[in-house]
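The values are calculated or read from the model by the stated rules, or taken from the named source; none is laboratory data. Just so we're clear, the structure is a prediction, and the values are computed from it rather than from any experiment. Neighbour counts run over all protein chains shown; Cβ positions are idealised from the backbone, glycine included.
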Amino acid sequence: MVWKIDDLIAVLSVEDKVKLVVGVGRAKEVPGAAGETRSVRDVKPISLTDGPSGVRIEGSGDLWYYATAFPAPIMLASTWNPEVVEEVGKAMGEEAKYYNISVLLAPGLNIHRHPLCGRNFEYFSEDPLLSGVMAAAFVRGVQSTGVAATLKHFVANEQEVNRRIVDTIVSEKALREIYLKAFEIAIKEGDPWAIMCSYNKLNGVYTCQSEWLLTQVLRNEWGFKGLVMTDWDAGDNPVEQIKASTDLIMPGNDDIVKWVIEAVNRGALPIHYLDRAVKKVLELIERTATARESRREIDWKKHSEVAYRAAVEGVVLLKNNGILPLKPGTRVAVFGTGQVETLKSGMGSGHNHPRYVVTILEGLKKSEVIVDEELSSKYENYVLSKRGKDKLDKLYRDEILLEHIPQDIVSEEDVAKYAERNDVALIVITRISGEGWDRKSVKGDFYLTDDEQKLIDIVSKYFHSKEKKVIVILNIAGPVEIVSWRDKVDAILVIWLPGQEAGKVVADILLGKVSPSGKLPITFPKDWKDVPVAKSSECYPGIPQDNPRFVVYCEDIYVGYRYYDTFGIEPAYEFGYGLSYTKFEYRDIKVEKTGTSVKVSLDVINVGAYPGKEVVQIYIKAPKGRIPKPFQELKGFKKTKLLKPGEKERIEITIPIRELASYDPDRKLWVVEPGEYQVRVGTSSRDIRLIASFTISEEHVFAP
Ligand code: BGC
């Protein structure tokens, strides 16, 4: 670095300063990057790019930029394993660095407020603790390489309908306990160098123009020292943005440069605001300098192994009537076009361009099962004829939204034949989603289509008539309706959007090379009408069609399982749910309370026949007090190591007393009310294995 920050600020002209805080889009330095800063005097530009599932840069013509496609963040969260997520972050950081990207525009940690947000796959969970801990791990991984990570989208940006203008109306209590909480944890545990304010307004003010949010909460209360950048073209007033404590306006343009210069000249933007922003931009450039100076070749094979490990730990087994794992040599009839056009990720910023994707069919063919090739080639030819070669060739290179094509392309006669000569049936169901649109509560999206239902019906009928079993693989971006068809099948696996190693992951899980250990980071409701936001079009204006410009977070703090548990609504599969091939027992719980924390310890024993990992989840049920509280809340979790049959691990989880607090909007304080607190240790939020308690004898209060 040839300059010193304060010396440089002292000699920069107003125009230089403004150019430093207003970026440029569609970068020149790295083709396809989302944006870069401007070159000003000796300060060279730095590049920024997406995103949450892998480094996203695009070439053109024959020049393509390949980067590993990691599993989507919803799947990373399903691992409940921060170590794996940190590894993914590190690998992404290395790839960013290799392509001379200084700032990665990830992780995204908006809350899965409702199951159909189009970008849920880019976010982690409906729970702020799980989201925050995963995001922090991701950040630590990325930044260990010298590349900056960016938390996004700050804050209350939980829908894509009207995403650039929607005004989110939410109580301060829900904001602090749920939506801000995830970011607060990620900042305190991950120390990200950047954060991106969102497109939406928050209670009437654009987040990037909110002094309350950016100065009071983010900087003053949480002590955030990094840089705040806008989402791409967010908000409507760059001067207000800089005043509020936004430091970098992205992607920016020359008109914005003129606008800000003029505001300084006329005294509408006092220079100290601009200097503050310039300083943050220069600090970020300085912090990421080592990354630019120490570019290294990538071990792509190693990164594909990281992608595999993360995906395999994030597979969630919803149902198993004893058919899984399969034995080597099992003859498998595979139905559904998803075996050929397997979805690796969603669309938009969460998409990237890997060198290859192992489809489900390819993965199975390379494994120890025997695939019915005649049936699979029917699906291959069908997909080819419907999509065209060009589209299929580009499937993993371009962003292609595949329209639904009928899945029941085999006659009943044929299915009878396949049932006769195979041992088991596999049905692949896919659902994509992406940036810019929300999913819908209709057939073909949340619900299965008639042809998918028919496929399940006939395959189950013929395979069951031969006493053979049926397994469904859900290659999905978010929850789908399952209750209407689950009794017809014998096993259900959620493989989410598993990245480039998809087929290998599926084969290894089916064959029991790895026992599933993923747990749902989001509730699967029985039906759309059970979802809290489905109550009125104000609570979620994406459906029905009228699309007002605001959304009211009417469920308040009762998001996800907090709602289902408090109001006694039974979900299809609850938060934290996921089966294993083995069985775990929980024993010997001990709760030790000190003045500042509660330590919970217990033994987990693998009492089944397979090696496996278990996710221990601690929910706290607070006493009924003055402040409204959900039935229970996740306050800690830990994934065990791989436990062999008979093996035991002592788990210890410490919960700070402060984390038991609820926000009291009247007193503007976090309050831990006195009384008896129940410690509920479960393998899911509803399968509670051990219960203990502790008492808080007097009220504790904490400033925000
Ligand atoms: C998205 C961000 C993304 C940015 C740059 C925006 O439209 O909302 O998530 O990082 O574009 O690609």
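Within segment 248-297, the only residue that satisfies the criterion of being away from the ligand (no atom under 16 Å from the Cβ), in a loop (DSSP other than H, G, I, E, B), crowded, with 17+ Cβ neighbours inside 10 Å and under 34 Å from the mean Cα position of the chain (by Cα) is Thr288.
Looking at the structure I just gave you, is Asn200 more than 19 Å from Asp50 (Cα to Cα), within 16 Å of the ligand (Cβ to nearest atom), at pLDDT below 95 and among the polar types (S, T, N, Q)? Steps first, please.
Working: more than 19 Å from Asp50 (Cα to Cα): yes; within 16 Å of the ligand (Cβ to nearest atom): yes; at pLDDT below 95: no; among the polar types (S, T, N, Q): yes.
No; evaluated as a whole, the condition is false for this residue.
Is it the case, given these coordinates, that Lys529 is out of contact with any Lys or Arg (no Cβ under 6 Å at 6 or more places or on another chain), part of a helix (DSSP H, G or I) and not hydrophobic (A, V, I, L, M, F, W, C)? Yes: the conditions hold for Lys529.
All of (1) within 23 Å of the chain's Cα centre (by Cα); (2) under 30 Å from Ile165 (Cα atoms) hold for Ser536 with one exception: (1). Which one is nearest to the ligand (Cβ to nearest atom) among residues in segment 148-179 that are over 23 Å from Gly350 (Cβ atoms) and in a helix (DSSP H, G or I)? Per the criteria, the residue is Leu175.
Does segment 361-373 contain any residue that is within 25 Å of the chain's Cα centre (by Cα) and at pLDDT 95 or above? Checking segment 361-373: at least one residue is within 25 Å of the chain's Cα centre (by Cα) and at pLDDT 95 or above. Across segment 189-213, the qualifying residues are those that are assigned to a helix (DSSP H, G or I) and without any contact (Cβ under 8 Å) to a residue 40 or more places away in the chain, and the one among them that is nearest to Glu172 (Cα to Cα) is Trp212.
Are any of the residues in segment 85-95 out of contact with any Gly (no Cβ under 6 Å at 6 or more places or on another chain) and part of a loop (DSSP other than H, G, I, E, B)?
Step one: filter segment 85-95 for residues out of contact with any Gly (no Cβ under 6 Å at 6 or more places or on another chain), giving 85, 87-88, 91-95.
Retained after the next criterion (residues that are part of a loop (DSSP other than H, G, I, E, B)): none.
So far as segment 85-95 goes, no, none of its residues is out of contact with any Gly (no Cβ under 6 Å at 6 or more places or on another chain) and part of a loop (DSSP other than H, G, I, E, B).
Scanning segment 321-363 for residues that are β-branched (Val, Ile, Thr) and not in a helix (DSSP H, G or I) yields Ile323, Thr330, Val332, Val334, Val340, Thr342, Val357, Val358, Thr359. Candidates in segment 203-240 are the residues that are away from the ligand (no atom under 16 Å from the Cβ) and among the polar types (S, T, N, Q); of these, the one that is farthest from Glu184 (Cα to Cα) is Asn237.
Which residues, counting only those in segment 181-197, are among the aliphatic types (A, V, I, L, M) and within 15 Å of the ligand (Cβ to nearest atom)?
Going through segment 181-197, the residues among the aliphatic types (A, V, I, L, M) turn out to be 182, 185-187, 194-196.
Selection gives Ala194, Ile195, Met196.
Among the residues of segment 99-147, those that are away from the ligand (no atom under 16 Å from the Cβ), modelled with pLDDT of 95 or more and more than 15 Å from the chain's Cα centre (by Cα) comprise Arg140, Gly141, Gln143, Ser144, Thr145, Gly146.
Within segment 149-164, can one find any residue that is of a type in the set (A, V, I, L, M, F, W, C), more than 26 Å from Val552 (Cα to Cα) and touching a Gly at 6+ places or on another chain (Cβ under 8 Å)? Checking segment 149-164: at least one residue is of a type in the set (A, V, I, L, M, F, W, C), more than 26 Å from Val552 (Cα to Cα) and touching a Gly at 6+ places or on another chain (Cβ under 8 Å). Inside segment 29-57, residues that are out of contact with any strand residue (DSSP E or B) (no Cβ under 7 Å at 6 or more places or on another chain), assigned to a loop (DSSP other than H, G, I, E, B) and more than 16 Å from the ligand (Cβ to nearest atom) make up a count of 4.
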